[in-house]
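The values are calculated or read from the model by the stated rules, or taken from the named source; none is laboratory data. Because the structure is a prediction, the values reported are computed rather than measured. Cβ placement follows ideal geometry from the backbone for every residue including glycine, while neighbour counts extend to all protein chains displayed.
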Amino acid sequence: MIYGIGIDLIEVERVKKSIEKISGFKEKIFTSKEISYCESKSRKFEHFAARFAVKEAFFKAIGTGWRNGLAFCEIEVVNDKLGKPEIQVYGKAGELFRKNKFKRVNVSISHIKEAASAVVVIET
């Protein structure tokens, strides 16, 4: 059964400016695995923006938004062997995940030079 659906769209330039100008932004928002993954890409800011969009979409799908002590870096976007994006949750986000008995999170990401988008569907 679908618990929630979230969608987000963000400008790549906005994420790029935040990473370049705000000290600690990257480490506050992204896990070390995500940072390593994005930094390895030739168009790294598209990948950072896409992961940011996934996190925003996840918060929308759980219905709480970014509050109650949840942190962006508690939601990690990883890729399976075939490159399909998946979410792993930690900390308070992980507790919320278990408390609500979420069973599956479906993720879809798209990005181009100017924008990144993500859709998250959470199932119970």
What number of residues within segment 61-93 are surrounded by fewer than 20 Cβ atoms within 10 Å (Cβ to Cβ) and either in a loop (DSSP other than H, G, I, E, B) or among the basic types (Lys, Arg) (or both)? 15
Could you check how many residues of segment 65-85 are without any contact (Cβ under 8 Å) to a residue 24 or more places away in the chain and under 18 Å from Ile5 (Cα atoms)? 4
Which count do you get for residues in segment 108-124 that are surrounded by fewer than 18 Cβ atoms within 10 Å (Cβ to Cβ) and in contact with a Lys or Arg (Cβ under 9 Å, 6 or more places away or on another chain)? 4
Would you check if Ala57 is part of a helix (DSSP H, G or I), touching an Asp or Glu at 6+ places or on another chain (Cβ under 6 Å), buried (at least 18 other Cβ atoms within 10 Å of the Cβ) and of a type in the set (Gly, Ala, Ser)? yes
Mind listing whichever residues of segment 51-60 are over 14 Å from Val89 (Cα atoms) and modelled with pLDDT under 95? Lys60
Write out, first by first residue and then by second, each pair whose Cβ atoms fall under 6 Å of each other, whose residues are 6+ apart or on separate chains, and whose first residue, in segment 86-102, is closer than 7 Å to Glu74 by Cβ while the second is of a type in the set (Gly, Ala, Ser). Lys92/Gly69
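Taking segment 17-27 only, how many residues are under 24 Å from Lys84 (Cα atoms) and touching a helix residue (DSSP H, G or I) at 6+ places or on another chain (Cβ under 7 Å)? So that I can check it myself, show each step before the final result.
So the first thing to find is which residues in segment 17-27 are under 24 Å from Lys84 (Cα atoms), and the list is 26-27.
If we keep only those that are touching a helix residue (DSSP H, G or I) at 6+ places or on another chain (Cβ under 7 Å) as well, we get 26.
So the answer is 1.
Inside segment 80-92, can you point out the residues that are under 12 Å from the mean Cα position of the chain (by Cα) and either on the phi > 0 side of the Ramachandran plot or hydrophobic (A, V, I, L, M, F, W, C) (or both)? Working first, answer last.
First, the residues of segment 80-92 that are under 12 Å from the mean Cα position of the chain (by Cα): 85-89.
Scanning segment 80-92 gives Ile87, Val89.
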Members of segment 16-53 that are in contact with a Cys (Cβ under 9 Å, 6 or more places away or on another chain) and not in a helix (DSSP H, G or I): Phe30, Thr31
Does segment 16-37 contain at least one residue that is surrounded by 14 or more Cβ atoms within 10 Å (Cβ to Cβ), at pLDDT 95 or above and within 16 Å of Ser110 (Cβ to Cβ)? no
